[in-house]
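Novice: Provided herewith is a single structure, encoded as structure tokens, for subsequent inquiry.
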Amino acid sequence: MEKETDPMAFQEAFVRVSVDSAINELQTSGRWFGHYLSSLGYRSDTWGQWLQELEEEIMSLRTGLSNEEPYPFLPGRHCAQCRYRDMGQKKGCWADHQEASDSISDSLSRMHIFELPGHGNETLVQDGVLFVDQLESDPAADLPSAFTIPWRREEQIRQETQHPKAIQEALLHQTLEQLQKLPRPFHFLDFEAVGFPIPQREGDRIYDPVLFQYSCHTWDGDASTDSMSLSHTGWLDEEGVTDPEAVLVDHLVSNPALQKGTIIHFSPFEPQHLRKIAKRWRKEGPPKGFEQANDSLQAWMAKKGGRNFVDCLTLVRDGYHHARMHGKLGLKPLIGSLLTSKEATEPITRLSAEQMGFPGEWLLEGGYEKSPVSDGETAMHTYLMIRMAQKSGLKEVSRASLTHPTESHAELIQQMKQYCALDTFAMYLAFHHWLRVGEITVY
């Protein structure tokens, strides 16, 4: 007997509400309502409750709610996901909230409790603790064998409370030893993928990731100042090919320069997805014309004698700490911390734009954050818009929905290439820095 579907459950499964532009406008005008909307999704158990509460608040605005009304909510767990809570934000409920600003005069420059890694933040908020430097730090202990989340949490508290033994930077001996043993050269690899709402291949599910871009920096592993052996290659589906994944894999595994050494990636996605493609091609056969690419891919992903993959995220998580990363482990915090070191950024001044995949001054001047394409989600949306524009015969793409001006295909493609190249360059910069300075602990 087929179970009857609850109509409300079915409806809620497909509800999607986009209020970004309205929130931005309200936030810019100084109204608290934009911030309130931002928090609703994290304070409501279901979309039905979200929509009901949203309707109630809209009705209250229609009755003439004043701009000067106090915020109708207190700091809580919903603040952890609020995008108006960024440190340094000059407007917003966090900086303006009465209870926070009364006791904290310089709240904009202080680390919020929600920036701490690990568990326990909700309990602290319930106890009235909103900033990390309100806590007491534990005495510094010897370095652990691996940097666990609890250790990083305590270390971040030591940083914010200005403990004399707070560590600015540390690379554990085990991590350095692992790096030194890896086969050279190093190939730093990053993929960009898109999920189509309507599957493009038979057997795919909705939003199954499909690769459309890769970047790879290759380095011989010599960290001496006289050696600047770095090259860059990559591929982006600029023309809207029928099977971008097959073309990308062919371009990658057929490159003679990538056949030896160690492939470095950030997160398990790259080897997992290559393994998934290899399995599909082995079972169903490769697309027509990609038989040789399939042979190379199967050799790459073989359990015995296949390529050596190393996750840079695991190396960072277990063996590297930098105070400027603020307990975060992503590529952006990693490269942000490295850019504060003159020694770590020395290669940037010696490498060409061709070697890096982007102009060095662009990175040093903060181009990564200023670029219209600065994260994977934006890259995915940009790719989709370019494909739609190509099918419609347009030469330009309107990106108003992403708060960016209309730009030509060439400009957007260049930005996507630079963004992807920066991710792989960040891994190179980290490896170069680690192998150059060796095992360190800087207080």
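Novice: Going by C-beta contacts inside 10 Å, put 208, 375, 190 in order with the fewest on the left. Can you show the working numbers first?
Specialist: Numbers: 208 15, 375 11, 190 27.
The fewest-first ordering by Cβ neighbours comes to 375, 208, 190.
Novice: Rg over Rh of the stretch 177-291, using C-alpha atoms and the Kirkwood radius, what does it come to? Don't skip to the answer; put the middle values down first.
Specialist: Working: Rg = 16.1 Å, Rh = 15.7 Å.
Ratio of gyration radius to Kirkwood radius for the stretch 177-291: 1.02.
Novice: Determine, from the Cβ-Cβ distance of residue 202 and residue 143 and an R0 of 51 Å, the FRET efficiency 1/(1 + (r/R0)^6), rounded to the nearest 0.05.
Specialist: Values: r = 53 Å, r/R0 = 1.03.
So the FRET efficiency works out to roughly 0.45.
Novice: Report the Stokes-Einstein translational diffusion coefficient (µm² s⁻¹, integer) for the stretch 102-250, Rh taken as the Kirkwood radius over Cα pairs, at 25 °C with viscosity 0.890 mPa s.
Specialist: 119
Novice: Same structure, new question: Taking amide hydrogens as modeled 1.01 Å from N in the peptide plane, which residues meet the under 5 Å criterion relative to residue 243, leaving out close sequence neighbours?
Specialist: none
Novice: Follow-up. Count charges around residue 179 for me, please; just the other residues with Cβ under 15 Å from its Cβ, Lys/Arg as +1, Asp/Glu as -1.
Specialist: Working: positive: 181, 184, 317, 436; negative: 177, 220, 222, 311, 318, 439.
Net of charged neighbours comes to -2.
Novice: I've got another one for you. Fewest first, what order do 417, 165, 328 take by the number of other Cβ atoms within 10 Å? Intermediate results must be reported in sequence, preceding the final value.
Specialist: Working: 417 20, 165 11, 328 17.
With the fewest neighbours first, 417, 165, 328 line up as 165, 328, 417.
Novice: Let me spell out the model: positive unit charges on the Cβ of Lys and Arg, negative unit charges on the Cβ of Asp and Glu, origin at the Cα centre of the stretch 167-443. What dipole size does that give, in debye rounded to 20?
Specialist: On the way: 28 positive and 35 negative charges, 162 e Å.
The dipole of the stretch 167-443 has a size of about 780 debye.
Novice: What list do you get for 206, 386 if you sort them by fewest beta carbons within 10 Å? Show your work: numbers first, answer last.
Specialist: Details: 206 9, 386 22.
So the ranking, lowest neighbour count to highest, is 206, 386.
Every read-out reported here was derived from the displayed coordinates using simple, explicitly stated rules and does not represent laboratory data. All figures in this text were calculated on a predicted structure; none of them were measured in a lab. In this analysis, Cβ positions are derived from the backbone assuming ideal geometry, glycine residues included, and neighbour counts consider all displayed protein chains.
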